[in-house]
Amino acid sequence: MVQHNQRTRPKEARQGDFAAFPYDRSAVERFRQAFPRARWNDERKSWFVPGKTAARRIERWLAREAAHNDIHGDIKGRDAYDFEPIVSRYLEVGDDLCIRTPYSKSLIEMLRAIPWAHWDEDLRAWRVPFRSYEELRRRWPRIEAAARRNEPEEKKRRRNAEKDSEKQRAANARSAERRRRRYPLPADDPPPAGRPVATGQYGIVVFVEFSGEVAETAELAEHYPHADRTVDHVWGRWRVPSLAELVAAWPARREPGPEALSRGWWQPTLAELRIARRNARSMARRQRARKPAGADGQGTRVH
């Protein structure tokens, strides 16, 4: 019988774990200092650290490296700001970058796209660490332009300029139609009642009633151009779904095809559900923020 001593065992058979991280000379030096017994595995393109506790030790080291990189990135971003600062009434500088702008969905999407940016509910502002300064500076012209467009005075000026215009009349007509909470549905192919479905005009809704009232062709042409004129349509009454209903909704496996788009409703996709859930959470937060102190029956907290 041939006995295999420890020298003939492959490295992978020994107790230990592998560590992989983006190449950086200083990071490799720090890693070698922390793990002097570590050896490079060319097949795995990673470092093998022997020992029973290797996994925990590697995890702790990677966490320290992440914190080190964050600190280094913040220092580098602060230097970049000092060299080429953003000067704007929408930006305050302290331990990080604090952004306050008028509310706008497009602005929210822009700020969400910045790495590590987050909404501070207490300050009612967006917080951006200095490590993201370069990305913020790259996007700032569009952010500031959108903020200016959404200033109350600027929106009022645009409304006054558009008064009695064809565009304004069309917008008023669309708003009035939406307030009716009705939607044309093929008489022979209605959606399931009480379940969230996606629509072309109003996003994800829940239909609560099918009245049987016939939708006139003129109304379809004005507000619902998707509707096939060769098919009889009836009005369905809808409401906005709750967050719980959106979370429980099962997404479609594929995008809606031409038939579903012509029909006017379809099972929502995962992307559509994510947007609707995010909007529902934002609406819930705004409602909680507007709720007066003590309205929940627990009284006002004294600080």
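Tell me the per residue accessible area of region 193-245 using a 1.4 Å probe; a whole number in Å² is fine. Intermediate values should be presented prior to the final figure.
Working: 2750 Å² over 53 residues.
Here the per-residue accessible area is 52 Å².
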Item to complete: Output the relative contact order of the chain, whole-number percent, from Cα pairs under 8 angstrom with separation of 6+ residues.
Response: 11 percent
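Label region 197-273 by shape, choosing from rounded, prolate and oblate, from the square roots a ≥ b ≥ c of the eigenvalues of the Cα gyration tensor; if a/c is under 1.5 it is rounded, and otherwise prolate applies when a/b is larger than b/c, oblate when it is not.
On the way: a/c = 2.53, a/b = 1.52, b/c = 1.66.
Oblate.
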Worksheet item: If contacts are Cα pairs under 8 angstrom and at least 6 residues apart, what is the relative contact order of region 73-150 in percent?
Response: 40 percent
Fill in: Candidate values [x] 168; [y] 297; [z] 193, label of the one derived for volume of the Cα convex hull per residue in Å³
[y]
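Write out the trypsin sites (Lys or Arg not before Pro) in region 208-250 meeting two conditions: DSSP loop, and at most 10 other Cβ atoms within 10 Å of their Cβ. Don't jump to the answer; show the numbers that get you there.
Numbers: sites: ARG229, ARG237, ARG239; in loops: ARG229.
Taking region 208-250 and a limit of 10 other Cβ atoms within 10 Å, the loop trypsin sites (Lys or Arg not before Pro) found are ARG229.
For region 53-209, which whole-number percentage of the solvent-accessible area (1.4 Å probe, protein heavy atoms only) is attributable to carbon and sulfur atoms? Show your work: numbers first, answer last.
Working: 4910 of 9730 Å².
Carbon and sulfur together cover 50 percent of it.
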Worksheet item: Can you list residues whose amide H is under 5 Å from SER46's amide H, if they're 5+ apart or on another chain and H is modeled 1.01 Å from N?
Response: ASN41
Item to complete: Apply the Kirkwood formula to region 141-276: the hydrodynamic radius equals the inverse of the mean of 1/r over all pairs of different alpha-carbon atoms; give it in Å with one decimal.
Response: 16.9 Å
Discussion item. Can you pull out the chymotrypsin sites (Phe, Trp or Tyr not before Pro) in region 176-275 whose DSSP state is coil and whose Cβ has at most 10 other Cβ atoms within 10 Å?
Written reply: none
Discussion item. Place a point 7 Å from Cα of TRP250 in the direction of its Cβ. Which residues in region 194-210 have their backbone N less than 16 Å from it?
Written reply: 194-198
Discussion item. Rounded to the nearest percent, how much of the accessible area of region 219-261 (1.4 Å probe, protein heavy atoms only) is carbon and sulfur?
Written reply: 57 percent
Worksheet item: With r defined as the distance between the Cβ atoms of ALA66 and ASP120 and R0 fixed at 22 Å, what FRET efficiency is calculated, to the nearest 0.05?
Response: 0.50
Fill in: Overall dimensions of region 40-111 as given by Cα atoms, namely Rg and Dmax in Å
20.2, 56
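Would you kindly state how much longer the chain becomes between ALA171 and ARG290 on full extension, computed as 0.36 nm times their sequence separation minus their alpha carbon distance, in nm to one decimal?
Working: separation 119, 0.36 × 119 = 42.84 nm, distance 2.80 nm.
My answer for the length gained is 40.0 nm.
I'd like the trypsin sites (Lys or Arg not before Pro) in region 113-218 restricted to DSSP loop residues with at most 12 other Cβ atoms within 10 Å, sorted by number.
On the way: sites: ARG124, ARG127, ARG131, ARG137, ARG138, ARG139, ARG142, ARG148, ARG149, LYS155, LYS156, ARG157, ARG158, ARG159, LYS163, LYS167, ARG169, ARG174, ARG178, ARG179, ARG180, ARG181, ARG182; in loops: ARG124, LYS163, ARG180, ARG181.
Those satisfying the criteria are ARG124, LYS163, ARG180.
Could you pull out the longest piece of the chain with no exposed loop GluC sites (Glu not before Pro) in it, calling a site exposed if DSSP puts it outside H, G, I, E, B and it has at most 15 other Cβ atoms within 10 Å? Show your work: numbers first, answer last.
Working: sites that count: GLU43, GLU121, GLU216.
In short, 122-215.
Multiply the residue separation of ALA187 and ALA27 by 0.36 nm, subtract the distance between their alpha-carbon atoms, and state the gained length in nm to one decimal. Can you show the working numbers first?
Numbers: separation 160, 0.36 × 160 = 57.60 nm, distance 6.65 nm.
Answer, rounded to one decimal: 50.9 nm.
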Fill in: Under 5 Å, built H, 5+ apart or other chain: amide partners of ALA252
THR269, LEU270
Worksheet, complete the sentence: Karplus ³J(HN,Hα) for region 256-265 (6.51 cos²θ - 1.76 cosθ + 1.60, θ = phi - 60°; Hz, whole; x = Gly/Pro) runs x, x, x, 5, 5, 5, 5, 5, x, 8
Fill in: Whole-Hz couplings from phi, Karplus 6.51/-1.76/1.60, listed for region 51-63; x for Gly and Pro
x, 5, 9, 4, 4, 5, 5, 5, 4, 5, 5, 4, 5
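The values are calculated or read from the model by the stated rules, or taken from the named source; none is laboratory data. Model, not experiment: these values are computed from the prediction. Virtual Cβ from ideal backbone geometry, glycine too; neighbours counted across all protein chains shown. These accessible areas exclude ligands, DNA and RNA; they are computed on the full protein's heavy atoms, side chains included. Shrake-Rupley method; radii C 1.70, N 1.55, O 1.52, S 1.80 Å.
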